[in-house]
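All remarks here apply to the structure that follows.
The values are calculated or read from the model by the stated rules, or taken from the named source; none is laboratory data. Keep in mind it's a predicted model, so treat the numbers as computed, not measured. Using ideal geometry, Cβ is built from the backbone for each residue, glycine included, and neighbour counts are taken over all protein chains shown. Surface areas here come from the heavy atoms of the whole protein model, side chains and all, with no ligands, DNA or RNA. Shrake-Rupley method; radii C 1.70, N 1.55, O 1.52, S 1.80 Å.
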Amino acid sequence: MKTSPPVFDRVKLHAEPVLRRVQSTSPRWRWGAAIVLVFLIFWGIHVHNKNAKAHAKKKGGPAVPIAVAPARLGDMPVYLDGLGSVTAYYNVTVRSRVDGQLMSMPVREGQFVHAGDLLAEIDPRPFQAMLDQAEGQLAKDQATLANARVDLERYKDLIAQQAIPQQQLDTQVATVGQLVGTVKSDQAAVESAKLNVTYSHITSPINGRVGLRQVDPGNMVHATDVNGLIVIAQLQPITVIFALPEDSIPKVMQKWHTGANLPVEAYNRDKTLKLATGRLANIDNEIDPNTGTLKLKAVFENQENTLFPNQFVNARLLLETRQNQVIIPSVAIQRGSQGTYVFVVATSSTTSSPTASLRPVTVGLIEGNDASIDKGVQSGDTVVIDGADKLQDGSSVVVPQAAPSPAATPSSSDQHKHHS
């Protein structure tokens with residue numbers, strides 16, 4: 001096959017007559033000829049490049065090995081991500097309500113306790129003595145009141161016989177009333193003493209996990225102590241407080257007001273491990289002006305104790321699930337000056353090998369390794385997921401053949417039976 005001469009040789013053939021004429025003309029015509037010569041040079045380069053591209057297109061190139069994946073129909077979840085922190089459902093600092101010596105703490109640090117379990121015991125003897133004293137005073141005043149009432153009844157009979165003056169009867173009525181008040185005061189003192197005896201035995205107000213103790217047995221404790229005796233945190237259930245940008249709030253509130261149960265997933269710091277799944281429990285009533293975010297609270301059962309108070313988590317709120325979406329691997333999506341596109345592999349009747357065609361697409365959602373396509377790809381299309389950087393529109397490709405399944409491959413025992 002005869003090759004065409006180089007581009008500069010072709011330009012030279014056209015330029016030599018012009019050069020000979022230029023040498024025999026005036027300088028004014030020489031400038032004009034120079035401009036014509038430059039035009040011929042650029043024209044020659046343009047023709048050469050055009051012919052080279054046409055020749056390359058006609059000749060084609062070697063087939064490019066690629067990896068492919070089919071587009072499929074599926075459901076695409078819509079998540080809203082936010083940074084969150086785990087908080088105890090209830091967090092109680094247990095304090096003494098009376099002053100006294102801490103005698104014992106039957107619970108162990110880190111132990112799970114139930115409401116009503118004994119946590120600590122303060123020396124009850126002073127309070128028991130006060131209770132006994134209050135009960136004795138009550139009994140004394142009750143006896144005095146009973147005697148005063150008997151005298152009152154006697155005075156009423158005597159006043160009917162005009163045996164005593166009216167003033168004496170009135171005085172006895174007042175005495176009975178005074179003693180009634182004294183008895184009620186004594187009863188209140190007895191109840192207060194009983195309450196102090198009860199307070200000397202400190203029980204757990206909630207179900208939860210006991211933290212490190214703040215005071216050791218043998219120390220004197222007071223109702224005004226700031227740190228308390230021990231801290232109990234309820235971990236089952238447990239809550240996560242996370243923040244979402246204010247632009248996402250209208251969509252969340254729309255779902256929230258309809259009464260929808262919005263699932264929330266908690267992931268570890270690098271989003272490689274899902275720790276727990278819960279539900280949205282509440283939404284704050286104002287947006288933080290400093291960050292432009294709104295706080296939300298999710299509740300998790302936490303049966304496996306994978307969440308711990310003050311733990312950092314990545315919270316993912318499932319807003320909705322879009323049905324019957326065209327889904328492809330997200331690595332198939334390419335980006336260029338023409339926007340987002342994918343290479344779709346198809347086999348034509350006019351070519352012996354499959355070709356890759358560039359197809360612009362409209363990307364809907366990207367979730368993990370999957371992407372939903374709103375426009376440009378149909379279910380069943382085969383898209384390129386590896387080797388797209390070597391492709392052009394219309395490039396020939398080599399699609400790897402799927403390895404035969406073990407069931408389709410005859411075993412050695414089957415072959416032996418066949419030959420026998």
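Odds and ends about this structure:
- Estimated from the Cβ-Cβ distance and a Förster radius of 51 angstrom, the FRET efficiency linking Trp256 and Phe112 is about 0.95.
- Spin-label model, Val173 to Val226: label points 7 Å out along the Cα-to-beta-carbon direction sit 5.9 nm apart.
- With all protein chains modelled, accessible area of Phe39 [1.4 Å, Å²]: 130
- Rolling a 1.4 Å probe over the heavy atoms of the protein chains gives region 81-134 an accessible area of 57 Å² per residue.
- Rough spin-label spacing in nm, given labels placed 7 Å along Cα→Cβ, for Asp132 and Arg279: 5.6
- In this structure the amide hydrogen of Ile122, modeled in the peptide plane, comes within under 5 Å of the amide hydrogens of Met103, His201, Ile202, none closer than 5 places in sequence on its chain.
- Surface composition of region 203-300: carbon and sulfur atoms hold 48% of the protein heavy-atom accessible area at a 1.4 Å probe.
- Exposure of Arg316 as accessible area (Å², to 10), given a probe of 1.4 Å and all protein chains: 30
- Segment Asp99-Glu246, length gained on full extension (0.36 nm per residue, minus Cα span): 47.9 nm
- Label-to-label distance for Thr321 and Ile159 is 8.6 nm, based on points extended 7 Å past Cα in the beta-carbon direction.
- Residue-wise HN-Hα coupling along region 248-259, computed from phi with Karplus coefficients 6.51, -1.76, 1.60 (Hz; x: Gly, Pro): 8, 5, x, 5, 5, 5, 4, 5, 5, 6, 7, x
- Note on surface exposure: Ile41, Ile122, Ile283 rank Ile41, Ile283, Ile122 by accessible area, highest first, 1.4 Å probe.
- Residues Ala188 and Val299, FRET efficiency given R0 of 41 Å [Cβ-Cβ distance, rounded to 0.05]: 0.45
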